[in-house]
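Since the structure comes first, as structure tokens, the remarks are kept for the end.
The values are calculated or read from the model by the stated rules, or taken from the named source; none is laboratory data. Predicted, not measured: the structure shown is a model, and the values here were computed from it. Note that we place each Cβ from the backbone using ideal geometry, even for glycine, and neighbour counts take in every protein chain shown.
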Amino acid sequence: MDAQNDRPEFSREPTINDLAALCRHLNEAGAKYVVIGGFAIIFNGYVRTTGDVDLLVDSSVGNVSLIKKALLYLPDQAIREIAPDEVAQYTVVRIADEIVIDLMHKACEVTYDKAKDYVQYLEVDGIQIPYLKPEMLIQTKLGMRAKDMQDRMFLEYLLAQQKETDIVTNSKREGEIRGLFRRLLKTIRRFFHRPKKE
């Protein structure tokens, strides 16, 4: 839910390392989920804080059982208190452990099934973190909270910028990007193969 004032007293603000550890366990379990909320906004380029981790999940009993197994690594094992059918019944199921994790089967009108084709990935220490692309993330930000409205304004701006960028011929841009990466790769290779100074 991304409301820092609602964070339980004994939970702390999550870090990117916390999120990576969470995703590692979820990925290893084969769980179906995608990161939304504050972390997804941050990964799309908006610098702000977040008080919890919001996950949009497949709410089937089988998938929630995988999530329950994955979250047993957390120190308080608060996930044990959640029944596998609860995620489908409630708007938000909050796991208040060392960090707060909110499990949602729907954010506004966006379900996991609707969102799964709009997932992009950030790699952190070899761990793939799935998060929503802006065109779908904005549909999860239709609420009236101040933070939702700020996030929505940022996403509207981002989408407008992307639309302007798309006007440039795709093939030309792809060629420019490939050339840039080739030059960057050469620079990196030269840097790592420099003779050591005596």
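So here's what we get for this one:
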{"item": "The listed residue being touching a residue at least 40 places away in the same chain (Cβ under 8 Å) and among the acidic types (Asp, Glu), out of GLU13, GLU81", "result": "GLU13"}
{"item": "Identity of the residue in region 3-59, charged (D, E, K, R) and touching a strand residue (DSSP E or B) at 6+ places or on another chain (Cβ under 6 Å), that ends up modelled with the lowest pLDDT", "result": "ARG7"}
{"item": "Of residues in region 46-71 being β-branched (Val, Ile, Thr) and out of contact with any Pro (no Cβ under 6 Å at 6 or more places or on another chain), the one surrounded by the fewest Cβ atoms within 10 Å (Cβ to Cβ)", "result": "VAL47"}
{"item": "Residue match in region 135-157 (condition: within 18 Å of THR49 (Cα to Cα) and either assigned to a loop (DSSP other than H, G, I, E, B) or modelled with pLDDT under 65 (or both))", "result": "yes"}
{"item": "Every pair of residues 6+ apart whose Cβ atoms lie under 6 Å, when the first sits in region 46-68 and is without any contact (Cβ under 8 Å) to a residue 24 or more places away in the chain while the second is crowded, with 16+ Cβ neighbours inside 10 Å and in a helix (DSSP H, G or I)", "result": "LYS68/ILE79"}
{"item": "Exclusive hit being assigned to a strand (DSSP E or B) and in contact (Cβ under 8 Å) with a residue 24 or more places away in the chain, set ILE41, ILE95", "result": "ILE95"}
